[in-house]
Amino acid sequence: MKHYPVMLPEILDALAMRAGEICVDGTFGNGGYSQAIMESADCTVIGLDRDPNVAPRAGELSDQFAGRFRLIQTPFSKMDEVGLEPVDAVVLDIGVSSMQLDEAERGFSFMREGPLDMRMAQGGGPTARDAVLHLSAAELTRVFQVYGEEKRARHVANCIVSARDQGDIITTTDLADILEKALGRRGKTHPATRSFQALRIFVNDELGELYRGLCAAERLLKPDGRLVVVTFHSLEDRIVKTFFRRRAGEVQGGSRYVPEVANEGPSASFTLPRRSVTKPSKSEIEENARSRSAKMRVAIRTGAEAFIADDRLLPDVVSLSELEARL
Ligand SMILES: C[S@@+](CC[C@H](N)C(=O)[O-])C[C@H]1O[C@@H](n2cnc3c(N)ncnc32)[C@H](O)[C@@H]1O
């Protein structure tokens, strides 16, 4: 299935690329943004993605826009560690692509039987199966509660723990069946929806990546550089909103103070445009239902030094590295 780029006109407007400028597309996916950005101005795009499957599509863009495009396979949280010069714009379109959801063997979808994997990078680190087999009931409860906003998180976690005591949980449908038994079928949404989303966010450390990605963009952007972020989940939007407001000096918090200037906060590293959050148009939502929960936020880099990163913006949930250490 093709991935429809969300809020594309709004993205192009916010990026406002000019000839000769460089943009990092931190979530390359199907290259919808990258292609449109290069069509909008005679600029260069550096695409990043942690999924190696995007390489063929990236190859097409390298051919079509010779010398103006390249792909780096890396998590976007490391965009300032891959040898790039300071850039004029960074865009992030958080989440999974339609292609990833569609491939049964990736294990993202409860509708398609496949291994319970869910790793966007397709290697390294624990899988969703590792999480359901090795997290405690209390840890699973937090994962479902926080990342899935699942009201019956404790019940779901207990059902998984008793199911795993009776036998292995191997495939997406094994887990979907457990969740369906636990929650029953009510309403239009499949009972596995929230828990699958929660596991995907956990397995890919999506909130940690988002926060560290924002900090990396702050370090990589030139003065006047544009940072444009699209999210689909209220937790993600809260991280972006809080990050922007702190960096713009609108709210205090985090480690805004370097020790040597204890009583003097650093200058704002971003300014926020008057309209800093935008939602998709009604017609876009009608055409592409996936866009309905999207929110786009924009901030403009100042010339001030980047703040010191501080993970306290993140919710208190067992970390992926804690699970990894157990395996
Ligand atoms: C929603 S899709 C992006 C679609 C893209 N804007 C387009 O127009 O085709 C998200 C993509 O970002 C990638 N991704 C998600 N989190 C990432 C991260 N932390 N680092 C690098 N890539 C990531 C996923 O693998 C996926 O391909």
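Summed over the range 44-55, residues that are away from the ligand (no atom under 11 Å from the Cβ) and farther than 13 Å from Thr27 by Cβ total 2. Out of (1) among the hydrophobic types (A, V, I, L, M, F, W, C); (2) within 18 Å of the chain's Cα centre (by Cα); (3) more than 10 Å from the ligand (Cβ to nearest atom); (4) closer than 25 Å to Ala216 by Cα, the odd one out for Phe108 is which? Of the numbered conditions (1) among the hydrophobic types (A, V, I, L, M, F, W, C); (2) within 18 Å of the chain's Cα centre (by Cα); (3) more than 10 Å from the ligand (Cβ to nearest atom); (4) closer than 25 Å to Ala216 by Cα, the odd one out for Phe108 is (4).
Counting only residues that are charged (D, E, K, R) and assigned to a helix (DSSP H, G or I), which one in the range 198-225 is surrounded by the fewest Cβ atoms within 10 Å (Cβ to Cβ)? Here the answer is Arg219.
Do we find that Ile22 is within 12 Å of the ligand (Cβ to nearest atom) and under 19 Å from Leu221 (Cβ atoms) in this structure?
On the way: within 12 Å of the ligand (Cβ to nearest atom): no; under 19 Å from Leu221 (Cβ atoms): yes.
Here the answer is no, as Ile22 does not meet what is asked.
Among all residues of the range 182-202, there is at least one that is closer than 25 Å to Gly29 by Cβ and without any contact (Cβ under 8 Å) to a residue 24 or more places away in the chain. Residue count for the range 299-326, restricted to those that are assigned to a loop (DSSP other than H, G, I, E, B), in contact (Cβ under 8 Å) with a residue 40 or more places away in the chain and not charged (D, E, K, R): 11.
The residues on offer are Ala14, Ala41, Ala58, and the sole one that is more than 12 Å from the ligand (Cβ to nearest atom), surrounded by fewer than 21 Cβ atoms within 10 Å (Cβ to Cβ) and of a type in the set (Gly, Ala, Ser) is Ala41. Of all residues in the range 292-320, those satisfying the criterion of being of a type in the set (Ser, Thr, Tyr) and closer than 26 Å to Val203 by Cβ are Ser293, Ser319. A single entry from Asn158, Asn204 fulfils the requirement of being polar (S, T, N, Q) and within 16 Å of the ligand (Cβ to nearest atom): Asn204. Listed by position, the helices (runs of 4 or more DSSP H) contained in the range 1-111 that have at least 1 residues being touching a strand residue (DSSP E or B) at 6+ places or on another chain (Cβ under 9 Å) are 8-15, 32-40, 55-64. For the range 89-101, the criterion of being more than 10 Å from the ligand (Cβ to nearest atom), of a type in the set (D, E, K, R) and at negative phi is met by none of the residues.
Mind listing whichever residues of the range 24-50 are touching a residue at least 60 places away in the same chain (Cβ under 8 Å) and over 25 Å from Asp102 (Cβ atoms)? Once the filter is applied, which keeps residues that are touching a residue at least 60 places away in the same chain (Cβ under 8 Å) and over 25 Å from Asp102 (Cβ atoms), the range 24-50 yields only Val24. Among the conditions (1) at pLDDT below 95; (2) in a helix (DSSP H, G or I); (3) closer than 17 Å to His233 by Cα, Ser195 misses just one, which is (1). Any residue at all in the range 226-244 that is farther than 23 Å from Asp25 by Cβ, surrounded by fewer than 16 Cβ atoms within 10 Å (Cβ to Cβ), at pLDDT below 95 and in contact with a Lys or Arg (Cβ under 8 Å, 6 or more places away or on another chain)? Within the range 226-244, not a single residue is farther than 23 Å from Asp25 by Cβ, surrounded by fewer than 16 Cβ atoms within 10 Å (Cβ to Cβ), at pLDDT below 95 and in contact with a Lys or Arg (Cβ under 8 Å, 6 or more places away or on another chain). Taken together, Phe65, Phe76, Phe108 contain a single residue that is of a type outside the set (Asp, Glu) and more than 26 Å from Arg18 (Cα to Cα), which is Phe108. Only one of the listed residues (Ser77, Ser34) is within 14 Å of the ligand (Cβ to nearest atom), buried (at least 17 other Cβ atoms within 10 Å of the Cβ) and closer than 30 Å to Val318 by Cα. That residue is Ser77.
The values are calculated or read from the model by the stated rules, or taken from the named source; none is laboratory data. All of these numbers come straight from a predicted model, not from anything done at the bench. Note: ideal-geometry Cβ built from the backbone for every residue, glycine included; neighbour counts use all protein chains shown.
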